[in-house]
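Heads up: the structure comes next, in structure tokens.
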Amino acid sequence: MSNIVLSPLKQARIKSGLKVDEIAQSLGVSQQTYYNYESGNREPSGETLKTLATMFSVTTDFLLGVTDEMTNLVPMDAPLTYGAKIKVLGKVPAGVPIEAVECVIDEIDISKEMAEDEYEYLGLLVSGDSMFPEYLDGDIVIIRKQNTADTGDDVVAYVNGYDATLKRLQRMTGGIRLKALNPQYESKFYSNEEIKKLPVSILGVVVEMRRTKK
């Protein structure tokens, strides 16, 4: 009996455990069109190929048959994606609506759950080492926009109307502390009066971190 050779795309789909109807829906194509991709009767566009590679956590080279290795170039903590994307910003100036911020450096996929809930999300490039070792310069944090947070949450906050800063929140009697994880940096306490006067406000809470493998 001859062995059945599966196409790389079908191998990746089976490995991922995703269903064809889910994949087709996320791509915005019919199930038949997707089956045509797997059978080689139709070629997906370059953008579709990238989306499939991300969805299946494999490389585009594997899907193209260039390599037999299902090397995962997607960060291990990144969720499966379904085509929904958010902006990654280099900085978030205070008082500027997110949709109006011009320093967009990239777009990244988010999970289906994030895409379908009631919150707004954005990505922010980590700059500097004040939150080392948990966050490194060049990491991307995904932020769920909300103006409240609890002790222990990593938040993106505005102080004095400057650009947003990433710190760990500690609620204390009479105010809050924005804590830097790197002991070389000073953590700042703000009284309830300062919070109103400066002001100090929360843009959102970090819900995920993406790190590019080097």
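Quick check on Thr81: is it under 30 Å from Asp163 (Cα atoms), among the polar types (S, T, N, Q) and either at pLDDT below 80 or in contact with a strand residue (DSSP E or B) (Cβ under 7 Å, 6 or more places away or on another chain) (or both)? Answer is yes for this residue.
The single condition among (1) surrounded by fewer than 15 Cβ atoms within 10 Å (Cβ to Cβ); (2) over 28 Å from Glu22 (Cα atoms) that Val156 does not meet is (1).
For residues that are touching a residue at least 24 places away in the same chain (Cβ under 8 Å) and either in a strand (DSSP E or B) or more than 17 Å from the chain's Cα centre (by Cα) (or both), tally how many sit in segment 121-152. Steps first, answer last, please.
Going residue by residue through segment 121-152, those that are touching a residue at least 24 places away in the same chain (Cβ under 8 Å) are 121-127, 129-136, 138-149.
Then drop every residue that is not either in a strand (DSSP E or B) or more than 17 Å from the chain's Cα centre (by Cα) (or both), which leaves 121-125, 129-133, 140-145, 147-149.
So the answer is 19.
Scan segment 35-47 for residues that are modelled with pLDDT of 85 or more and outside any loop (DSSP other than H, G, I, E, B) and jot them down. Hits for segment 35-47 are Tyr35, Asn36, Tyr37, Glu38, Ser39. Part of a helix (DSSP H, G or I), among the β-branched types (Val, Ile, Thr) and more than 18 Å from Ala84 (Cβ to Cβ): is that true of Ile14 in this structure? In short, yes. Of all the criteria given as (1) surrounded by 14 or more Cβ atoms within 10 Å (Cβ to Cβ); (2) under 24 Å from the mean Cα position of the chain (by Cα); (3) without any contact (Cβ under 8 Å) to a residue 60 or more places away in the chain, the one not satisfied by Ile176 is (2).
Each row is one residue, and each column tells you yes or no for (1) charged (D, E, K, R); (2) more than 18 Å from Gly128 (Cα to Cα); (3) modelled with pLDDT of 90 or more; (4) touching a helix residue (DSSP H, G or I) at 6+ places or on another chain (Cβ under 7 Å).
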{"position": "Thr165", "(1), (2), (3), (4)": "no, no, no, no"}
{"position": "Gly175", "(1), (2), (3), (4)": "no, yes, yes, yes"}
{"position": "Gln184", "(1), (2), (3), (4)": "no, no, yes, no"}
{"position": "Ser191", "(1), (2), (3), (4)": "no, yes, yes, no"}
{"position": "Ile202", "(1), (2), (3), (4)": "no, yes, yes, no"}
{"position": "Val205", "(1), (2), (3), (4)": "no, yes, yes, no"}
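The values are calculated or read from the model by the stated rules, or taken from the named source; none is laboratory data. Bear in mind that the values here come from a model prediction, so they are computed numbers and not experimental data. Ideal geometry is used to build each Cβ from the backbone, glycine not excepted, and the neighbour counts take in all protein chains shown.
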